[in-house]
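Q: My questions will all concern the structure given below.
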Amino acid sequence: MSERRVELGLRENLAQFSLLVAINAFVGAMVGLERSTLPLIGQADFDLASKAAVLSFIVAFGLAKALTNLGAGALAQRLGRRRLLIAGWAVALPVPLLIAVAPSWGWIVAANVLLGINQGLAWSMTVVMKIDLVGPERRGFALGLNEAAGYGGLAVAAAVSGWLAVEVAPRDVLVAAAAGIAVIALLVSAVFVRDTAAHVALEQQRHPGGDERAPSLREAFADTSWRDPALRACSQAGLVNNLNDALAWGLVPLFLAAHGASIGQVGLVAGVYPAVWGVGQIWTGHWSDRVGRKLPIVSGMLLQAGALTVLAVSDGAVGIAALAAALLGVGTALVYPTLIAAISDAVPPVARAPAVGVYRFWRDMGYVAGGVLAGVVADSLGYGGATAVVAALTAASGVLVLAELPGRAVRAGTRSAVAS
């Protein structure tokens, strides 16, 4: 049997690319199931009064996902993308069981540690594998499709679970749906997904520095965290983006419920934000291929800050909250795929997985920072005060990107992305 010919490009790898898009929709749906139900379960089933206590599940999720992203980026070169993808779905299998039998909130927190590992492995690998397949020319578009699928799945799961929770116990909805998703995604990943190591090797051969070695985790961490200005700007923006996402995930359902919103209305608002975010990324990723990465990222961060300000002064009105959620979704759509594309632009192919892993580590540490900050500030200043603080941090992050990120990213994978 002859070996399969390896080519770079979206059209050339459409079948595998489409399969990875579908799998990432399942990855997003696992988190979406919790968006409109778990904060309410914490109050209704476990009598949690403190916002910081309720948001502890987001802190656990974010810390587990961040550390897994860091490890996955380094291990992808050694073990292969496909193996890590399958491992991610295997880790997801106990999550619905732990939630189903949980006698205390600590079990829910433990389940979200496993969910964070699942997300760190499965989402990281679908992202990196798509970049591997398409090559440098349509990187932003590929990432837009990937993130659109993930957050589209998240949005549908958030809205449907909130709607079902009106008639069925929220915990039952979460458990049944999560179990089905985890089993199906594991089987599909194990049977149909192929590894992309050969695509990485081909792109590296064509790269100007084709004989470069993959960086160590220590080197990648230093470059992406502080040494390289462009990578540093992207990492801090990713962290702040997920910091405000933690607020939207953990506090907004409680904020609306405290002002009399029904579970169905909470589910609607919880679904609007990732729905706009998900669909919008198809266009924003493609747009960043044309105009460069800086304009979408800066405008997106500032739009997020404006949306959070609207939410802070909404007094829990569902209509205003839905508008703020839509604006927040547009801002996040501009930022999310573009940041990963900018990271990928600035490093050679062999450094892609470690650099993306470090970036995703910092980005998902935003869930930890956001869960702690939003919970503590909300307990002392209320929901509006917490939202206003996060809005200010988001605006400051956008200004920092404006100062440090080059005007247009070089799409050939060069170390320095220059040219304003």
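The values are calculated or read from the model by the stated rules, or taken from the named source; none is laboratory data. Owing to the predicted nature of the structure, the values given are computational and were not obtained by experimental measurement. Neighbour counts are summed over all protein chains in view; Cβ atoms, including those assigned to glycine, are modelled from backbone coordinates with ideal geometry.
Q: For the subset of segment 370-394 comprising residues that are small (Gly, Ala, Ser) and at pLDDT 90 or above, which member is surrounded by the most Cβ atoms within 10 Å (Cβ to Cβ)? Walk me through how you get there before you give the answer.
A: Initial filter on segment 370-394 (small (Gly, Ala, Ser)): 370-371, 374-375, 378, 380, 382, 384-386, 388, 391-392.
Then keep just the ones that are at pLDDT 90 or above; that gives 385-386, 388, 391-392.
Details: Gly385: 13, Ala386: 25, Ala388: 17, Ala391: 21, Ala392: 13.
Of everything passing the filter in segment 370-394, Ala386 is surrounded by the most Cβ atoms within 10 Å (Cβ to Cβ).
Q: Which of the residues belonging to segment 1-23 are modelled with pLDDT of 90 or more and either β-branched (Val, Ile, Thr) or in a helix (DSSP H, G or I) (or both)?
A: Result: Leu14, Ala15, Gln16, Phe17, Ser18, Leu19, Leu20, Val21, Ala22, Ile23.
Q: Let me ask something else about it. Need pairs with beta-carbon distance below 6 Å; first residue without any contact (Cβ under 8 Å) to a residue 60 or more places away in the chain and within segment 365-382, second assigned to a helix (DSSP H, G or I) and among the β-branched types (Val, Ile, Thr); sequence gap 6+ or separate chains.
A: Val377/Val389
Q: In addition: Which one of these is within 24 Å of the chain's Cα centre (by Cα), more than 29 Å from Arg5 (Cα to Cα), modelled with pLDDT under 90 and of a type in the set (Lys, Arg): Arg138, Arg171, Arg232?
A: On the way: Arg138 fails: more than 29 Å from Arg5 (Cα to Cα); Arg232 fails: modelled with pLDDT under 90.
Arg171 is the lone residue from the list that is within 24 Å of the chain's Cα centre (by Cα), more than 29 Å from Arg5 (Cα to Cα), modelled with pLDDT under 90 and of a type in the set (Lys, Arg).
Q: So Ala324 fits all but one of (1) among the hydrophobic types (A, V, I, L, M, F, W, C); (2) more than 28 Å from Ser56 (Cβ to Cβ); (3) at pLDDT 90 or above; what number is the exception?
A: Only one criterion in (1) among the hydrophobic types (A, V, I, L, M, F, W, C); (2) more than 28 Å from Ser56 (Cβ to Cβ); (3) at pLDDT 90 or above is unmet by Ala324, namely (2).
Residues are listed down the side, and each one gets a yes or a no for (1) at pLDDT 95 or above; (2) out of contact with any helix residue (DSSP H, G or I) (no Cβ under 6 Å at 6 or more places or on another chain); (3) under 26 Å from Ser344 (Cβ atoms); (4) crowded, with 19+ Cβ neighbours inside 10 Å:
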| position | (1), (2), (3), (4) |
| --- | --- |
| Glu34 | no, yes, no, yes |
| Thr37 | no, no, no, yes |
| Ile41 | no, no, no, yes |
| Phe46 | no, no, no, no |
| Asn69 | no, no, yes, yes |
| Ala74 | no, no, yes, yes |
| Pro103 | no, yes, no, no |
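Q: Cβ-Cβ under 6 Å, sequence separation 6+ or interchain: first residue in segment 58-77 and in a helix (DSSP H, G or I), partner among the basic types (Lys, Arg) and crowded, with 24+ Cβ neighbours inside 10 Å. Which pairs?
A: Once the first residue is in a helix (DSSP H, G or I) and sits in segment 58-77, its partners that are among the basic types (Lys, Arg) and crowded, with 24+ Cβ neighbours inside 10 Å give Asn69/Arg360.
Q: Do you know which residues across segment 88-101 are surrounded by fewer than 18 Cβ atoms within 10 Å (Cβ to Cβ) and either closer than 20 Å to Phe26 by Cα or not β-branched (Val, Ile, Thr) (or both)?
A: Within segment 88-101, the subset surrounded by fewer than 18 Cβ atoms within 10 Å (Cβ to Cβ) is 90, 93-94, 97, 100-101.
Selection gives Ala90, Leu93, Pro94, Leu97, Ala100.
Q: While we're here: Scan the helices (runs of 4 or more DSSP H) fully inside segment 196-287 and keep the ones with 2 or more residues being touching a Phe, Trp or Tyr at 6+ places or on another chain (Cβ under 6 Å), buried (at least 21 other Cβ atoms within 10 Å of the Cβ) and touching a residue at least 60 places away in the same chain (Cβ under 8 Å).
A: Working: elements: 197-206, 217-222, 229-250, 252-258.
Here the list reads 229-250.
Q: Select from segment 263-310 the residues that are among the β-branched types (Val, Ile, Thr) and touching a Cys at 6+ places or on another chain (Cβ under 9 Å) and list them in ascending order. Lay out the reasoning, then the answer.
A: Looking only at segment 263-310, we keep the residues that are among the β-branched types (Val, Ile, Thr), and these are 263, 266, 269, 272, 276, 279, 282, 284, 291, 297-298, 309-310.
Passing the criteria: only Ile297.
Q: Given (1) surrounded by fewer than 24 Cβ atoms within 10 Å (Cβ to Cβ); (2) under 14 Å from Val390 (Cβ atoms); (3) touching a Phe, Trp or Tyr at 6+ places or on another chain (Cβ under 8 Å), where does Gly306 come up short, assuming only one miss?
A: Result: Gly306 fails condition (3) only.
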